[in-house]
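The values are calculated or read from the model by the stated rules, or taken from the named source; none is laboratory data. Because the structure is a prediction, the values reported are computed rather than measured. Note that we place each Cβ from the backbone using ideal geometry, even for glycine, and neighbour counts take in every protein chain shown. Surface areas here come from the heavy atoms of the whole protein model, side chains and all, with no ligands, DNA or RNA. Shrake-Rupley method; radii C 1.70, N 1.55, O 1.52, S 1.80 Å.
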Amino acid sequence: MNRINLITMGVKDISHSLKFYRDGLGFETSVKEENPGIVFFKNGGTKLALYPLEELAKDINEHEPPIGKGFSGITLAYNAKSAQAVDQIFEKVERAGGTIIKAPQRVFWGGYSGYFSDPDGYYWEVAYAESWKFDENDMLIIE
(Lines give C-alpha, C1' and ligand atoms only; values in the text may rest on other atoms or scores of the structure.)
Protein backbone atom coordinates (compact mmCIF):
# COMPACT_ATOMS: atom_id res chain seq x y z
CA MET A 1 0.00 0.00 0.00
CA ASN A 2 2.71 2.48 -0.89
CA ARG A 3 0.49 4.85 -2.89
CA ILE A 4 -2.68 6.90 -2.57
CA ASN A 5 -5.00 6.53 -5.55
CA LEU A 6 -7.96 8.64 -4.47
CA ILE A 7 -8.68 11.34 -1.89
CA THR A 8 -12.39 11.78 -1.21
CA MET A 9 -13.58 14.93 0.52
CA GLY A 10 -16.98 14.90 2.19
CA VAL A 11 -18.75 18.14 1.24
CA LYS A 12 -21.86 19.83 2.62
CA ASP A 13 -23.13 21.10 -0.78
CA ILE A 14 -21.78 19.12 -3.72
CA SER A 15 -23.10 21.59 -6.28
CA HIS A 16 -21.36 24.51 -4.58
CA SER A 17 -18.10 22.57 -4.14
CA LEU A 18 -18.21 21.38 -7.76
CA LYS A 19 -18.51 24.99 -8.95
CA PHE A 20 -15.64 26.06 -6.67
CA TYR A 21 -13.22 23.41 -7.93
CA ARG A 22 -14.38 23.06 -11.56
CA ASP A 23 -15.46 26.57 -12.50
CA GLY A 24 -13.40 28.59 -10.03
CA LEU A 25 -10.10 26.71 -9.90
CA GLY A 26 -10.22 24.86 -13.23
CA PHE A 27 -10.19 21.25 -12.00
CA GLU A 28 -11.22 18.97 -14.88
CA THR A 29 -14.10 16.52 -14.63
CA SER A 30 -16.48 14.77 -17.01
CA VAL A 31 -19.41 15.70 -14.73
CA LYS A 32 -21.93 17.90 -16.57
CA GLU A 33 -24.84 17.95 -14.13
CA GLU A 34 -24.92 20.58 -11.39
CA ASN A 35 -25.96 18.29 -8.51
CA PRO A 36 -24.22 14.94 -9.06
CA GLY A 37 -24.03 12.07 -6.57
CA ILE A 38 -20.22 12.08 -6.72
CA VAL A 39 -17.52 13.97 -8.62
CA PHE A 40 -14.15 12.65 -9.77
CA PHE A 41 -11.56 15.16 -10.97
CA LYS A 42 -9.06 14.25 -13.68
CA ASN A 43 -5.87 15.46 -12.02
CA GLY A 44 -2.46 13.94 -12.65
CA GLY A 45 -1.32 11.37 -10.10
CA THR A 46 -3.61 10.97 -7.10
CA LYS A 47 -7.25 11.62 -7.95
CA LEU A 48 -9.62 13.87 -6.00
CA ALA A 49 -13.31 13.15 -5.42
CA LEU A 50 -16.20 15.07 -3.86
CA TYR A 51 -18.97 13.15 -2.11
CA PRO A 52 -21.81 14.36 0.14
CA LEU A 53 -20.46 14.57 3.71
CA GLU A 54 -23.36 12.79 5.37
CA GLU A 55 -23.26 9.96 2.82
CA LEU A 56 -19.49 9.57 3.26
CA ALA A 57 -19.88 9.42 7.05
CA LYS A 58 -22.63 6.78 6.68
CA ASP A 59 -20.42 4.80 4.31
CA ILE A 60 -17.74 4.66 7.02
CA ASN A 61 -20.17 3.68 9.79
CA GLU A 62 -23.89 3.52 9.13
CA HIS A 63 -24.84 3.32 12.82
CA GLU A 64 -22.44 5.95 14.23
CA PRO A 65 -21.36 8.23 11.37
CA PRO A 66 -18.14 10.14 12.24
CA ILE A 67 -18.93 13.77 11.54
CA GLY A 68 -15.79 15.91 12.02
CA LYS A 69 -15.41 18.68 14.54
CA GLY A 70 -12.82 21.35 13.81
CA PHE A 71 -9.39 21.00 12.26
CA SER A 72 -8.69 17.36 11.45
CA GLY A 73 -4.93 17.75 11.16
CA ILE A 74 -4.97 17.08 7.41
CA THR A 75 -4.09 19.55 4.68
CA LEU A 76 -4.03 19.11 0.93
CA ALA A 77 -1.28 20.64 -1.17
CA TYR A 78 -0.61 21.87 -4.66
CA ASN A 79 3.05 22.27 -5.53
CA ALA A 80 3.57 25.00 -8.11
CA LYS A 81 6.46 25.49 -10.52
CA SER A 82 6.94 29.20 -9.76
CA ALA A 83 6.09 31.85 -7.18
CA GLN A 84 3.99 33.57 -9.86
CA ALA A 85 1.92 30.39 -10.23
CA VAL A 86 1.28 30.42 -6.47
CA ASP A 87 0.00 34.01 -6.70
CA GLN A 88 -2.17 33.18 -9.72
CA ILE A 89 -3.82 30.31 -7.86
CA PHE A 90 -4.60 32.56 -4.91
CA GLU A 91 -6.21 35.05 -7.31
CA LYS A 92 -8.41 32.22 -8.64
CA VAL A 93 -9.26 31.14 -5.09
CA GLU A 94 -10.44 34.65 -4.18
CA ARG A 95 -12.55 34.97 -7.35
CA ALA A 96 -14.06 31.53 -6.70
CA GLY A 97 -15.09 32.45 -3.15
CA GLY A 98 -12.43 30.56 -1.21
CA THR A 99 -11.04 31.95 2.04
CA ILE A 100 -7.42 33.08 2.16
CA ILE A 101 -6.05 31.83 5.48
CA LYS A 102 -2.41 32.81 5.00
CA ALA A 103 -1.44 34.92 1.99
CA PRO A 104 1.54 33.62 -0.02
CA GLN A 105 4.85 34.62 1.54
CA ARG A 106 8.45 33.53 1.90
CA VAL A 107 8.54 30.83 4.57
CA PHE A 108 11.08 29.42 7.02
CA TRP A 109 11.96 26.40 4.86
CA GLY A 110 13.08 28.64 1.98
CA GLY A 111 10.03 28.38 -0.22
CA TYR A 112 7.01 30.53 -1.03
CA SER A 113 3.73 29.32 0.40
CA GLY A 114 0.22 30.21 1.52
CA TYR A 115 -2.99 28.54 2.70
CA PHE A 116 -6.63 28.81 1.70
CA SER A 117 -9.77 26.96 2.66
CA ASP A 118 -12.49 25.73 0.34
CA PRO A 119 -16.26 26.12 0.95
CA ASP A 120 -16.24 23.12 3.33
CA GLY A 121 -13.26 24.30 5.37
CA TYR A 122 -10.64 21.97 3.86
CA TYR A 123 -7.23 23.58 4.07
CA TRP A 124 -5.01 23.73 1.00
CA GLU A 125 -1.38 24.79 0.88
CA VAL A 126 -0.08 26.20 -2.39
CA ALA A 127 3.70 26.25 -2.37
CA TYR A 128 6.81 26.66 -4.50
CA ALA A 129 10.52 26.07 -3.93
CA GLU A 130 13.34 26.66 -6.40
CA SER A 131 14.90 23.28 -5.53
CA TRP A 132 11.81 21.23 -6.43
CA LYS A 133 11.83 18.84 -9.38
CA PHE A 134 8.81 17.24 -11.05
CA ASP A 135 8.46 13.94 -12.90
CA GLU A 136 6.85 13.37 -16.31
CA ASN A 137 3.40 13.40 -14.65
CA ASP A 138 4.01 16.79 -12.96
CA MET A 139 4.25 15.07 -9.58
CA LEU A 140 6.73 16.43 -7.07
CA ILE A 141 9.84 14.27 -6.71
CA ILE A 142 10.62 13.73 -3.03
CA GLU A 143 13.93 12.03 -2.28
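Annotations
- The local environment of Val126, defined by Cβ-Cβ distances under 13 Å, has a net charge of -2 under the rule Lys, Arg +1 and Asp, Glu -1.
- Between Ala96, Ala49, Ala77, the Gaussian network model of the chain with springs among Cα atoms under 10 angstrom shows the greatest mean-square fluctuation at Ala77.
- Part-to-part distance (alpha-carbon centres) for segment 125-143 and segment 69-88, which is given in Å: 13 Å
- Carbon plus sulfur fraction of accessible area for segment 58-111, probe 1.4 Å, in percent: 49 percent
- Between 0 and 90°, nearest 10: helix 83-96 axis offset from the chain longest Cα axis: 30 degrees
- Positive-end residue, the chain charge dipole about Cα centroid, Cβ charges, pick of Gly98, Ile38, Ala57: Gly98
- Loop-located GluC sites (Glu not before Pro) in segment 17-73, at most 15 other Cβ atoms within 10 Å (DSSP): Glu28, Glu33, Glu34, Glu62
- The alpha carbon centroids of segment 32-64 and segment 4-26 are separated by 8 Å.
- Those trypsin sites (Lys or Arg not before Pro) in segment 61-143 that DSSP places in a loop and that have at most 15 other beta carbons within 10 Å: Lys69, Lys81, Lys133
- Of all stretches in the chain that contain no chymotrypsin sites (Phe, Trp or Tyr not before Pro) in a DSSP loop with at most 12 other Cβ atoms within 10 Å, the longest one is 1-70.
- Diffusion constant of segment 12-133 at 10 °C, which comes from Stokes-Einstein with the Kirkwood Cα-pair radius and 1.306 mPa s, µm²/s: 101 µm²/s
- Basic side chains Lys and Arg get +1 at the Cβ, acidic Asp and Glu get -1 at the Cβ, and with that the dipole of the chain about its Cα centre reaches some 240 debye.
- Relative contact order computed over segment 8-143 (Cα-Cα under 8 Å; 6+ residues apart), in percent: 22 percent
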